[in-house]
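All remarks here apply to the structure that follows.
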Amino acid sequence: MLVPFSMKNCFQLLCNLKVPTAGFKNTVKSGLILQSISNDVYQNLAVEDWIHDHVNLEGKPVLFLWRNSPSVVIGRHQNPWQECNLNLMREEGIKLARRRSGGGTVYHDMGNINLTFFTTKKKYNRMENLKLVVRALNAIQPQLDVQATKRCDLLLDGQFKISGTASKIGRTTAYHHCTLLCSTNRTFLSSLLKSPYQGIKSNATASIPSVVKNLLEKDPTLTCEVLMNAIAAEYAAYHQIDNHINLINPTDETLFPGINNKAKELQTWEWIYGKTPKFSINTSFNVLYGQSYLEIKIVIDIKNGRIEICNIEAPDHWLPVEICDKLKAGFIGILLLEN
């Protein structure tokens with residue numbers, strides 16, 4: 001059941017603030033199910049940050065349901081130039097976001113459901129959450145063959161990945177979030193999550209390609225709405241709370257004080273690109289000189305998204321040493337643009 005209402009008292013109770021105990025006291029004392037009315041990836045990621053930073057989750061787990069307009073989300077320790085096709089993303093108007101959890105790169109659109117399970121650090125259990133999702137799927141379609149793997153993915157029919165996992169574990173709180181492919185654009189997914197760039201060397205976390213499939217391809221009745229309602233019902237039963245999906249607005253400062261600043265930070269170049277782990281680009285190209293070609297080799301080291309070292313190897317008779325040195329020095333400190 002969807003319940004659009006002001007959540008201020010609910011979150012004040014969850015945050016252990018002194019407020020009137022009327023209203024939803026009985027609902028929130030043991031947990032809460034939320035669903036975002038926004039499809040903006042930065043706003044929804046900001047909700048995760050806000051709940052993680054401000055909500056007392058002791059005995060009060062929270063499930064957050066959210067969907068985004070087309071966007072690519074990389075993990076905290078990933079390299080966007082290595083993980084996705086930035087040129088195609090720019091052409092198609094696809095947003096890029098870096099989340100605060102680890103894990104690999106994922107494509108989001110309205111056919112992909114995002115589930116975030118918030119608990120205390122002690123209660124954190126990814127496999128328990130995935131089993132809950134499996135039970136929900138089997139409750140609406142018992143014939144579905146969905147299993148959780150040791151890597152905390154969900155596989156359909158033993159071979160198609162329908163869900164990937166990532167998490168953030170703080171000092172006292174933690175969250176586990178996962179995707180669930182319902183009716184996502186698989187053509188976009190495969191083309192956007194494939195970097196055209198060559199010669200990148202990095203210690204950044206690399207994504208592991210997988211064969212994917214939509215649940216809607218298996219059963220046309222498995223819409224996003226049906227799936228979210230089923231997961232909410234299973235979550236409510238498991239945690240013994242009311243089966244209410246509470247709609248929230250991620251831009252509501254009365255509900256989430258300071259959240260818009262969190263969303264703005266997630267959109268900055270410094271966060272999306274500047275937080276990329278140090279990496280290098282080793283490439284070469286040929287130039288026509290007279291009736292033959294000369295090979296020019298370039299090695300660039302990038303730190304915090306800026307060129308730190310640039311080496312150019314070229315024949316002296318084509319590019320004199322003095323000019324080459326000035327050229328290399330001119331690159332130092334330059335921002336590596338997104339494409």
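The values are calculated or read from the model by the stated rules, or taken from the named source; none is laboratory data. From a predicted model like this one, the values you see are computed outputs, not experimental measurements. So basically every Cβ, Gly included, is an ideal-geometry build from the backbone, and we count neighbours across all protein chains shown. Note: accessible area is taken over every heavy atom of the protein model, side chains too, but ligands, DNA and RNA are not part of it. Shrake-Rupley method; radii C 1.70, N 1.55, O 1.52, S 1.80 Å.
Listing for the model above:
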read-out	value
Count - residues of region 279-294 that are open to solvent by 80 Å² or more (accessible area, probe 1.4 Å) and in a strand (DSSP E or B)	5
Which listed residue, of ILE113, ILE94, is among the β-branched types (Val, Ile, Thr), surrounded by fewer than 23 Cβ atoms within 10 Å (Cβ to Cβ) and within 18 Å of the chain's Cα centre (by Cα)	ILE94
Qualifying residue in region 89-110 (condition: in contact (Cβ under 8 Å) with a residue 40 or more places away in the chain, of a type in the set (Gly, Ala, Ser), outside any strand (DSSP E or B) and touching a His at 6+ places or on another chain (Cβ under 7 Å))	yes
Enumeration of residues in region 239-253 that are open to solvent by 40 Å² or more (accessible area, probe 1.4 Å), among the polar types (S, T, N, Q) and modelled with pLDDT of 95 or more	ASN249, THR251
Any hit, region 34-43, residues being buried (at least 22 other Cβ atoms within 10 Å of the Cβ), within 24 Å of ASN261 (Cα to Cα) and among the β-branched types (Val, Ile, Thr)	yes
Hits in region 58-71 - residues which are under 20 Å from ILE231 (Cα atoms) and at pLDDT 95 or above	PRO61, VAL62, LEU63, PHE64, LEU65, TRP66, ARG67, ASN68
Wholly within region 126-238, helices (runs of 4 or more DSSP H) carrying at least 2 residues that are surrounded by fewer than 17 Cβ atoms within 10 Å (Cβ to Cβ) and under 19 Å from the mean Cα position of the chain (by Cα)	186-192
Filtered residue count, region 268-278, keeping only those that are of a type in the set (A, V, I, L, M, F, W, C) and surrounded by 13 or more Cβ atoms within 10 Å (Cβ to Cβ)	2
Residues of region 254-267 classified as among the polar types (S, T, N, Q) and either without any contact (Cβ under 8 Å) to a residue 24 or more places away in the chain or open to solvent by less than 30 Å² (accessible area, probe 1.4 Å) (or both), total	1
